[in-house]
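> Before I ask anything, here is the structure I am working with.
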Amino acid sequence: MPTPTAAPADPSTTGYRSLLRNHEFAGLYAGFTLTVAASTLSGFALGTLVDHQTASPFLTAVSMYGATFATVLGALTLMSVADGSRPRRTLVILQCAALVGVAAQAVPGLPLAARFGLLLALGFFQSLGTGTRMGLLAEVVPTATYALARSLMNITSGGTAVLGYAIGAALLRCLSPREVFVIAAVLTGLGLAAVAATIRERSIRLSRRPGLRQTWTTNIELFSRKGRRALLLNLWVPNGLIVGCEALFISYAPEHAGALLGAGSAGMLLGDLAVGRLLTAARRQRCAFAMRLLLAAPYLLFGFRPPVSVLIAAVFVSGAGFAATLPLQERLLELTPDPVRGQVQGVESAGRMTWQGIGAAIGGGVAQYLTPGAAIAALAAVSVTVTLACRACEPVGVEGFRPPRPGHDHALTDKP
């Protein structure tokens, strides 16, 4: 039985305050915000710790974004749990697992190998948690306000990251990385409490038993059409390579890494605010290609080693380009029926996160042989090339997508 969707809301009379008056969305939003804050603090602390211990650009980059590699495991194995019959329970259990993983990073004297193992476990649980959270989001807000809700969450993610990097840099001047991990664990626990206290259980969900077989069945359907594959490519690759650039900030300029990371997050916040709140859906679709170019082009300046103040401004401008994900995510939601929304949104997020890890690994590997600045410029050039190639090869550009005709590919495109 398909999940009923809420009655469409009038976007002109719906804003962020109206969304936050929704008790369940407020809880989901609070849990998400606290989780992002914890992840930002713990990632920055771990990157700093690994840089001090190894002085390796590759290991530093991987330590900051290594959890993203494991997200693909969630997408390939158990992502169908995101559409299970008890999503609230699933999200609470996954939040508990994340709490244990973050708290374990605070164990004194933990070997680096164990820390990287914890990163992989956290990435796996986070990927399933993201799918479950996005599936719940599509149920707790009206369909007409889904893009607005995603915009608010993206804005908050950027703003929280700005504060997280700034606070993390300040904390690490007077605290050890282990003590910062403790703070991150407390924030994760608060996020767990917010979800447990506000989200109600859903009972009208996928009737089939979640598991490996169900995950693969839906994934095969998801990747069976060229248009959907191209849509996912545009969501994953360009911004994954730019995150690889960000992973080299500590190696490029350790004393200014917090400012560079904060500038990128601030630009992302502003871009998501403008694109999600001020543009119509049609204009968001038209701007998607230009925003993907904006995301990468400013990073080419790193190859010329200008003053750090110029690079901070360039990274800020580039951050606005991350808003290109909003129109792409809207299109993906349009092509997804209600019963598998959680899994499809989870696969999209897992792929995007995995490509962030791939970008970090590529950037760190290239920086082992080139300077960090040259590696950043090289990744930016590849990102621009991928975006241009996608534009030239229709229907890879988002503008070329069209919903399938009724009766075709029912499993993932035709609404019940």
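The values are calculated or read from the model by the stated rules, or taken from the named source; none is laboratory data. Worth saying up front: this structure is predicted, and the values here are computed from it rather than measured. Glycine also receives a Cβ, built like all others from the backbone with ideal geometry; neighbour counts cover every protein chain displayed.
> Select from the range 274-316 the residues that are closer than 22 Å to GLU334 by Cα, small (Gly, Ala, Ser) and surrounded by 16 or more Cβ atoms within 10 Å (Cβ to Cβ) and list them in ascending order.
GLY276, ALA288
> State which residue pairs qualify: first residue in contact (Cβ under 8 Å) with a residue 24 or more places away in the chain and inside the range 322-334, second residue not aromatic (Phe, Trp, Tyr) and not in a helix (DSSP H, G or I) in any location, beta carbons under 7 Å apart, and separation of 6 or more residues or different chains.
Filtered contacts from the range 322-334: GLU334/PRO403.
> Within the range 226-273, take every residue that is crowded, with 22+ Cβ neighbours inside 10 Å and outside any helix (DSSP H, G or I) and give me the one that is modelled with the lowest pLDDT.
In this case the residue turns out to be ALA247.
A quick yes/no check of all residues on (1) hydrophobic (A, V, I, L, M, F, W, C); (2) closer than 26 Å to GLY264 by Cβ; (3) crowded, with 18+ Cβ neighbours inside 10 Å:
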| site | (1), (2), (3) |
| --- | --- |
| ALA114 | yes, no, no |
| PHE125 | yes, yes, yes |
| LEU128 | yes, no, yes |
| GLY135 | no, no, yes |
| VAL141 | yes, no, yes |
| ALA170 | yes, yes, no |
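> If VAL310 satisfies all but one of (1) β-branched (Val, Ile, Thr); (2) closer than 28 Å to TYR146 by Cα; (3) free of Cβ contacts under 8 Å to residues at least 24 places away in the same chain, what's the number of the condition it fails?
The one condition VAL310 does not meet is (2).
> Every residue in the range 147-176 that is more than 22 Å from ALA247 (Cβ to Cβ), in contact (Cβ under 8 Å) with a residue 12 or more places away in the chain and out of contact with any Phe, Trp or Tyr (no Cβ under 8 Å at 6 or more places or on another chain), please.
ALA147, ARG150, SER151, ILE155
> From the list ARG283, ARG277, ARG292, exactly one residue is in contact with a Leu (Cβ under 8 Å, 6 or more places away or on another chain) and either more than 24 Å from VAL50 (Cβ to Cβ) or part of a helix (DSSP H, G or I) (or both). Which is it?
Checking each option against the conditions leaves just ARG277.
> Against the condition of a type in the set (S, T, N, Q), within 21 Å of ASN234 (Cβ to Cβ) and assigned to a helix (DSSP H, G or I), how does SER309 come out, does it pass?
no
Conditions (1) at pLDDT below 80; (2) in a helix (DSSP H, G or I), marked per residue:
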{"site": "ARG133", "(1), (2)": "no, yes"}
{"site": "ALA166", "(1), (2)": "yes, yes"}
{"site": "VAL180", "(1), (2)": "no, yes"}
{"site": "SER203", "(1), (2)": "yes, no"}
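> Give the residues of the range 336-370 that are over 20 Å from LEU235 (Cβ atoms) and either at pLDDT below 80 or part of a helix (DSSP H, G or I) (or both), sorted by residue number.
Across the range 336-370, the qualifying residues are ASP338, PRO339, GLY364, GLY365, VAL366, ALA367.
Residues are listed down the side, and each one gets a yes or a no for (1) closer than 21 Å to ALA149 by Cβ; (2) at pLDDT below 85; (3) buried (at least 17 other Cβ atoms within 10 Å of the Cβ); (4) among the aromatic types (Phe, Trp, Tyr):
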residue	(1), (2), (3), (4)
MET1	no, yes, no, no
LEU20	yes, no, no, no
PHE58	no, yes, yes, yes
GLY84	no, yes, yes, no
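> Give the residue, chosen from ALA144, ALA197, that is touching an Asp or Glu at 6+ places or on another chain (Cβ under 8 Å) and either hydroxyl-bearing (Ser, Thr, Tyr) or in contact (Cβ under 8 Å) with a residue 12 or more places away in the chain (or both).
That would be ALA144, the only listed residue that is touching an Asp or Glu at 6+ places or on another chain (Cβ under 8 Å) and either hydroxyl-bearing (Ser, Thr, Tyr) or in contact (Cβ under 8 Å) with a residue 12 or more places away in the chain (or both).
> Filter the range 371-395 down to residues that are in a loop (DSSP other than H, G, I, E, B) and either within 23 Å of the chain's Cα centre (by Cα) or surrounded by fewer than 16 Cβ atoms within 10 Å (Cβ to Cβ) (or both) and give me whichever is modelled with the highest pLDDT.
Out of the qualifying residues, it is CYS393.
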